[in-house]
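J.: Input: one structure, supplied below.
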Amino acid sequence: MTAAPHTVVEDYLDGLLTRYGDDDSGAVADYIPQLAAADPTRFAIALSAVDGAVHSTGDDQCTFTIQSVSKPFVYALALHYLGREAVAETVDVEPSGDPFNELSLEAETGRPLNPMINAGALAVHGLLAPDDGAHLGGFARVHEGLSAFAGRPLGVDEAVYESELATAFRNRSLTNMLRSYDIVTGDPDQVLRGYTRQCAIEVTARDLAMMAATLANGGVQPLTGEQVISRPIVREVLSVMATCGMYDGAGDWLARVGIPAKSGVCGAIMGVLPGQAGLVTFSPRLDRHGNSVRGVQVFERISDEMGLHLMEVAPPARGAVRHEHVPETLGSRAAEVFWLQGSIHFAGAENLLRSVAELGPGEGKVVLDLTHAYSLNPVSQLFITQAARSAEEIGRDVEVIDPDGLLGGQDTAEDWTEPDWIEPDWVDPDWSESEGTDQVADPV
Ligand code: GLU
């Protein structure tokens, strides 16, 4: 794991630790005896950039069991191994508004309402269990998968596992109920054991920050480079986290903090800023929703002060495209030069398309310079191609400078074929945006 050099970010995180460290409101989860013994004073904050550099403070090396923060990852693994259709037959993606351990099932199908509540997570875990009677159900896949997200082999807290299993009366009844609806099809005891063990996987705040960064990084583990899950799966998982990740406080969370997140009764909250960072807090005292008291306060403050709310209106996309008229000089013709910078999405490409369309016929050539572009999504590939075509149609000479082959390696307008509209492929992890190497130009 890369330690980030000391910057003002560390000072900022230290300041939050001091500011909220004295708040001892809330209570440690005690329905699992071993969790009731957790040190309530623990407090850690960890923030990982998408390149895997982690800033952290407080009890950042202290291990705890992952509990419900495992749920988005296991849901992602189910989508990865089984595809969206099979998973959707087992679990819905609707917020329940009920507590996490409520039996919230759809009336007609018996499907749990979402994979972030226990009923949904048990059903999803059951899906991952190979039908071979293995003692621990889908646990092997889950353990391997979560370790891949973290970039290191994770351990299991056997004491917490035994303690929760011995008192898992409610989860046992949920699993049996799911079995009666044929949502769980295998041995319900095996599913319960596997799920309970999944919750007992040990992490630190820094591990969770890396796991969050893997989601923020489009499914690619920043340090190992492994594409653990595909981008379409990341999108699905983050959407469900945004609407269902914070127990029955999810709506309030989305409005106030605006970061897709998942919390667990261990006292961790893991947030994911797509394309930017993973943010984790760990502090075991919980509020009435089951969310960490100090964690919620830290998230609210960071979101506000660092402008991380997902619904924050982005500055105009014009920053992605710069246009300059270069007048005729001795020996070279006048030109309309368009520089594309950073990651180009719909708004930047639409801006280019319109600016080129507004040029009209003329002598000067049109230059589209992608030297400082970092990545193009499919719609921007299409729009940039169309911008070049429309300039040609009005009689302009067109020059495209695309050193990283972001448009697919074709460098003359006549040769260009429209990029395929890429249908999300839920199982194949190979899909990725076309990306160049000009990391410096990528505005994060
Ligand atoms: N293992 C816990 C349970 O199933 C996880 C709950 C949580 O973290 O929300 O009750």
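J.: Top mean-square fluctuation among HIS143, HIS323, HIS55, Gaussian network model of the chain, C-alpha springs under 10 Å?
T.: It is HIS323.
J.: Let me ask you something else. Could you calculate the contour length gain from ARG152 to ARG256, that is, 0.36 nm times the residue separation minus the distance between their Cα atoms, to one decimal place in nm?
T.: Working: separation 104, 0.36 × 104 = 37.44 nm, distance 3.35 nm.
Once the chain is fully extended between ARG152 and ARG256, it gains 34.1 nm.
J.: If you add up the charges near ILE183, with Lys and Arg at +1 and Asp and Glu at -1, over every other residue whose beta carbon is less than 13 angstrom from its beta carbon, what do you get? Could you put the intermediate results ahead of the total?
T.: Numbers: positive: ARG111, ARG179; negative: GLU89, ASP92, GLU106, GLU108, ASP182.
Here the count lands on -3.
J.: Under a GNM of the chain (C-alpha, springs under 10 Å), which listed residue has the highest mean-square fluctuation: PRO188, PRO361, PRO222?
T.: So, out of PRO188, PRO361, PRO222, the one fluctuating most is PRO361.
J.: Sticking with this one: Name the most mobile residue of GLY249, GLY15, GLY360, meaning the one with the largest mean-square fluctuation, in a Gaussian network model of the chain with Cα contacts below 10 Å.
T.: The residue that fluctuates most here is GLY360.
J.: In addition: Expressed as an acute angle from 0 to 90° and rounded to the nearest 10, what is the orientation of the C-alpha long axis of helix 139-150 relative to the principal long axis of the chain?
T.: Value to nearest ten degrees: 50.
J.: Follow-up question, since we're still on this one. Angle, helix 169-180 long axis vs. longest principal axis of the chain, Cα atoms, 0 to 90°, nearest 10?
T.: Roughly 70 degrees, rounded to the nearest 10.
J.: Relative to the first principal axis of the alpha-carbon coordinates of the chain, what is the inclination of helix 118-128, with its axis defined by its Cα atoms, in degrees from 0 to 90 and to the nearest 10?
T.: 70
J.: Compute from the Cα atoms of the chain the Rg and the Dmax, the latter being the longest Cα-Cα distance, and quote both in angstrom.
T.: 24.7, 85
J.: Now for a separate question. Tally the DSSP beta bridges in the chain and give the antiparallel ones as a percent, rounded to 5.
T.: Working: 36 of 50 bridges.
Antiparallel bridges make up about 70 percent of those DSSP assigns within the chain.
J.: On to the next question. Say R0 is 30 Å: what FRET efficiency, to the nearest 0.05, do GLN297 and ASP30 get from their beta-carbon distance?
T.: 0.85
J.: With r as the distance between the Cβ atoms of THR224 and THR41 and R0 = 25 Å, compute the FRET efficiency 1/(1 + (r/R0)^6) and round to 0.05.
T.: On the way: r = 34 Å, r/R0 = 1.35.
Taking R0 as 25 Å, the efficiency between THR41 and THR224 is 0.15.
J.: Near GLY155, within a Cβ-to-Cβ distance under 12 Å, what is the net charge of the other residues, with Lys and Arg +1 and Asp and Glu -1?
T.: On the way: positive: ARG152, ARG197; negative: ASP157, GLU158, GLU202, ASP207.
That works out to -2.
J.: Something else about it: Around SER104, with a cut-off of 15 angstrom between Cβ atoms, what is the net charge of the other residues, counting Lys and Arg +1 and Asp and Glu -1?
T.: Working: positive: LYS71, ARG111, ARG170; negative: ASP92, GLU94, ASP98, GLU102, GLU106, GLU108, ASP248.
Neighbourhood net charge equals -4.
Read the figures in this text as sums done on the coordinates, not as results from a lab. Note that the coordinates shown come from a computational prediction; the quantities given were computed from them, not determined experimentally. Glycine gets a Cβ as well: all are built from the backbone with ideal geometry, and neighbour counts include every protein chain shown.
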